[in-house]
Amino acid sequence: APTVKRTVLIQQDLAIPGYQAVLVAVEIPVGGREGRHTHPGTALVHVEEGALTLDYDGKATVTYKVGESFYVEPGKIHEGINKGNAPVKAIASFIVEKGKPLTSQVPK
């Protein structure tokens, strides 16, 4: 599958001891998919271009369009997929414990 590109825009320690905020630009090319994964903290995602299909364990699959946003709970298995005919561009904001990996892949 085409490669998903993630670019960290800013990573900032928070006033909450041991936590940081991370802002990431995500690009998913046509036919691309992130792979099933989790995050150690809260993720807020806003779709800027294209349509992002979210497979989320325990919930119905939903496609988010330009201008729509969604929330992913810490530790929940999910995957963003581009089933459309244009690249997906989104901004993801994370609140996570420092020192933990931002994303952990989950075996199929």
(request) Compute the relative contact order of the chain as a whole-number percentage, counting only Cα pairs closer than 8 Å that sit 6 or more residues apart in sequence. (result) 36 percent
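Between their Cα atoms, which of 5/83; 59/108; 65/89; 59/100 are more than 19 Å away from each other? Before the final figure, lay out each step's value.
Working: 5/83 16 Å; 59/108 17 Å; 65/89 10 Å; 59/100 26 Å.
Exceeds cut-off: 59/100.
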(request) Could you go through the range 36-44 in sequence order and give the Karplus-derived ³J(HN,Hα) for each residue, using 6.51 cos²θ - 1.76 cosθ + 1.60 with θ = phi - 60°, rounded to whole Hz, and x for Gly and Pro? (result) 5, 7, 10, 10, x, x, 5, 10, 10
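Based on the Cα coordinates of the range 67-108, what is the per residue volume of their convex hull in Å³?
On the way: hull volume 4.8 nm³, N = 42.
Spelled out: Cα convex hull of the range 67-108, divided by residues, is 114 Å³.
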(request) Enumerate the amide H contacts of residue 64 below 5 Å, restricted to partners 5 or more residues apart or on another chain; note that Pro and chain-start residues carry no placed amide H. (result) 52, 53, 54
(request) Could you name the lysines whose alpha carbon sits less than 21 Å from that of residue 98, not counting residues in the same chain fewer than 8 places away? (result) 76
(message) Show me, for the range 80-88, the HN-Hα J-couplings you get by feeding each phi into the Karplus relation (A = 6.51, B = -1.76, C = 1.60, θ = phi - 60°), rounded to Hz, glycine and proline as x.
(response) x, 10, 9, 9, x, 10, 9, x, 9
(request) With Rg and Dmax of the Cα atoms in Å defined as stated, name the option among (i) 13.4, 43; (ii) 14.6, 50; (iii) 13.3, 45 computed from the structure displayed. (result) (i)
(request) Mind listing the long-range amide H neighbours of residue 42? Cut-off is under 5 Å, sequence gap 5 or more, other chains count too, H placed in the peptide plane at 1.01 Å from N. (result) 95
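We did not get these values from a lab; they are worked out from the coordinates using the rules stated. Keep in mind that this is a model prediction, so the values were computed, not measured.
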